[in-house]
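Just so it is clear, none of the values below were taken in a lab; they were calculated from the coordinates. This structure is a prediction, so every number in the text was calculated from the model and none was measured. In this analysis, Cβ positions are derived from the backbone assuming ideal geometry, glycine residues included, and neighbour counts consider all displayed protein chains.
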Amino acid sequence: MRDPKFPLQNQVALVTGGNSGIGEGIVRCMAEAGAAVGVNYVSHPEAAEKIVDEIKRAGGKAVALEADVSKEDQVKAMFAQLLEEFGTIDIMVNNAGLQRDAALLEMTLEEWNLVIDINLTGQFLCSREAAREFLRRGVRPEISCAIGKIICVSSVHQIIPWAGHANYAASKGGINMMMQSIAQELAPQKIRINSIAPGAIKTPINRAAWETPEAEAQLLKLIPYGRAGVPRDIGDAAVWLASDKSDYVNGTTLFVDGGMTLYPGFATGG
Ligand code: BGC
């Protein structure tokens, strides 16, 4: 019987953008759940190494892996390194993402392309490499019911339009359709693919929205539950979606947002 305290024991996870923000929260929660974790980064190697060291000192397994997820050759090299280190992959977490905010009339093609390349194309490239390895290796019933799990980190902005962020919202809407399409395609092969849509989680990407009391008060008007999220809120959800506890969950999006998608303006308006 599997130890319920370590639902991801003997599994290998790869988390893109694992050296900061939500990615770091997912890395830490998955390592605590027993997974060996590849901590991908594109900048700040020292942050990735620090997380890896802490996991190892706590008795876990982790490795830092450099790659720009929008570059096919770098993604392939990262997978080769991960497989060399841990033998295979069971859990792919497509987390790496960024914002380049601009009003439509000012948005440059570079800002548009960069956000689509990292947030959407990066998820495609990593999902494809992970699925190839899942299918090569096949099922190991003693490890997990599925042959592999893919978790796409989306956003509440896959459904909430966001003025001044058309590139970002489009990338997240795209993730939803990519996720559902590949989930439909690969379910018969026993690969489960789902998304997590975080709301406002306190990380560097949205620092301006929470770092002063005034900004945080404004932000909280959008969150019925009355607090901003922390990276572990997403990490805990990711562990569940990667574990056999969610084995019948496929092709869906789990909103982890304190109710941000409940149209809070309508609590008193409308
Ligand atoms: C964005 C954050 C924002 C949050 C809620 C996230 O996807 O990256 O900047 O605070 O959505 O609007």
Seminar exercise, completed: Considering residues that are within 20 Å of residue 248 (Cα to Cα) and within 12 Å of the ligand (Cβ to nearest atom), the number found within the range 137-163 is 1
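Residues checked against (1) touching a Pro at 6+ places or on another chain (Cβ under 8 Å); (2) not aliphatic (A, V, I, L, M):
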| position | (1), (2) |
| --- | --- |
| 3 | no, yes |
| 8 | no, no |
| 21 | yes, yes |
| 26 | yes, no |
| 32 | no, yes |
| 40 | no, yes |
| 43 | no, yes |
| 51 | no, no |
For this session: Taking only the range 164-190 into account, find how many residues are over 11 Å from residue 253 (Cβ atoms), within 14 Å of the ligand (Cβ to nearest atom) and either of a type in the set (Phe, Trp, Tyr) or touching a residue at least 40 places away in the same chain (Cβ under 8 Å) (or both).
Result: 8
Exercise. Checking residue 29 against (1) touching a strand residue (DSSP E or B) at 6+ places or on another chain (Cβ under 7 Å); (2) in a helix (DSSP H, G or I); (3) of a type in the set (A, V, I, L, M, F, W, C), which single condition isn't satisfied?
Worked result: (1)
For this session: Show the residue pairs that are 6+ apart or on different chains and have beta-carbon atoms under 8 Å apart, the first residue being within the range 206-234 and within 20 Å of residue 196 (Cα to Cα), the second being acidic (Asp, Glu) and assigned to a loop (DSSP other than H, G, I, E, B).
Result: 223/257; 229/257
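Go through the range 54-109 and give me each residue that's in a strand (DSSP E or B) and within 24 Å of residue 154 (Cβ to Cβ).
Start the filter on the range 54-109 by keeping residues that are in a strand (DSSP E or B), which leaves 62-66, 91-94.
Passing the criteria: 65, 91, 92, 93, 94.
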Exercise. Taking the range 212-236 on its own, how many of its residues are surrounded by 20 or more Cβ atoms within 10 Å (Cβ to Cβ) and within 26 Å of residue 251 (Cα to Cα)?
Worked result: 5
Exercise. Does residue 209 qualify as being more than 10 Å from the ligand (Cβ to nearest atom) and surrounded by 15 or more Cβ atoms within 10 Å (Cβ to Cβ)?
Worked result: no
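With 77, 103 as the choices, which residue is loosely packed, with under 15 Cβ neighbours inside 10 Å, of a type in the set (A, V, I, L, M) and without any contact (Cβ under 8 Å) to a residue 60 or more places away in the chain?
Details: 103 fails: without any contact (Cβ under 8 Å) to a residue 60 or more places away in the chain.
Just one listed residue meets the conditions, 77.
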Exercise. Restricting attention to the range 216-238, does a residue exist that is within 15 Å of the chain's Cα centre (by Cα) and among the acidic types (Asp, Glu)?
Worked result: yes
For this session: Kindly establish whether residue 202 is touching a strand residue (DSSP E or B) at 6+ places or on another chain (Cβ under 9 Å), within 16 Å of the ligand (Cβ to nearest atom) and basic (Lys, Arg).
Result: yes
Seminar exercise, completed: Here, helices (runs of 4 or more DSSP H) confined to the range 136-242 with at least 2 residues that are of a type in the set (A, V, I, L, M) and closer than 30 Å to residue 3 by Cα are 166-186, 231-242
Problem set entry | Lone qualifier among 114, 82 - being surrounded by 14 or more Cβ atoms within 10 Å (Cβ to Cβ), within 16 Å of the ligand (Cβ to nearest atom) and not aromatic (Phe, Trp, Tyr) | 114
